[in-house]
Amino acid sequence: MNAAASPSALTRPDGTPLRVLVVDDEQMLTDLLSMALRMEGWDVRTASSGLQALQAARDFAPDAMVLDIMMPDLDGMSVLQRLRHSGNDVPVLFLTAKDAVADRVAGLTAGGDDYVTKPFSLEEVVARLRGLMRRAGTATAGDAEPILRVADLSLNEDSHEVFRGDDEIELTATEFELLRYLMRNQRRVVSKAQILDRVWHYDFGGRSSVVELYISYLRKKVDQGREPLIHTVRGVGYMIKAPQ
């Protein structure tokens, strides 16, 4: 994660850290998420099963929950239903398999607030949680805004508005995710394989030509007629950076 691009930490209105409960039966994944969220200033608890999640939700009273749908004892959907039936309206970010469209629809219908598909980037989970907290009115961040900037290019992660100077740029959902990934890694070269994994959630066998196509779309919208920000590093990948 590029620390320079990270917005200020969110807190509860009383200034204490936001609490998040991360629920997944994959220990490595919960460890990685916990580390990333603690670096962002969150107070993190973890659970490795649905039943543990219900107990932790009662004891820890989290402000948000990251909840895997597929778990061995009690799946994420059942956990959510029990929480809602008990009057707990904690915002829930579901983790789903990349091809489980039915799970995503069912999760949102059952009262989930958002989802990310595996494999995902840690930056994406953090950004989605920040968005959930702002929409729920749970968090404050002083005068901080959820805006990434590179030179005169700005991207608002909550409203999905993008500006180059005073000109608003209309992007598709995929173009927005690609630009956000580049801006979160400004002055860092990212490969086509990394972009496929983080933006399209493809394995490395995915077609790299789609990356070239969408980079060209972005260049036409972001750079055309202006000093270029998006650069190709031949044989390596792409980078966004402010002019020298």
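The values are calculated or read from the model by the stated rules, or taken from the named source; none is laboratory data. Because the structure is predicted, anything quoted here is derived from the model rather than measured. Backbone-built Cβ (ideal geometry, glycine too); neighbour counts: all protein chains shown. Accessible surface areas use protein heavy atoms only, side chains included; no ligands, DNA or RNA. Shrake-Rupley method; radii C 1.70, N 1.55, O 1.52, S 1.80 Å.
For region 147-240, take N as its residue count and report Rg(C-alpha) divided by 2.2 N^0.38 Å.
Normalised Cα radius of gyration, region 147-240: 1.02.
Could the peptides 164-174, 213-223 be put in order, highest first, of the mean number of other beta-carbon atoms found within 10 Å of their residues?
Per-residue mean Cβ counts within 10 Å order the peptides as 213-223, 164-174.
So for each of 119-129, 30-40 I average, over its residues, the number of other beta carbons within 10 Å; can you give me the resulting order with the highest mean first? Don't skip to the answer; put the middle values down first.
Details: 119-129: 19.4, 30-40: 17.1.
Ranking, from highest mean packing down: 119-129, 30-40.
Placing unit charges on C-beta atoms (Lys and Arg positive, Asp and Glu negative, everything else neutral), compute the dipole magnitude of region 147-240 about its Cα centre in debye, rounded to 20.
540
Add +1 for every Lys or Arg and -1 for every Asp or Glu among the other residues with Cβ under 14 Å from the Cβ of ALA242, and state the total.
Values: positive: ARG149, ARG164, ARG187, ARG188, ARG226, LYS241; negative: ASP152, ASP223, GLU227.
Charge balance near ALA242 sits at +3.
Once ligands and nucleic acids are excluded and a 1.4 Å probe is used, how much of ARG198 is accessible, expressed in Å² to the nearest 10?
80
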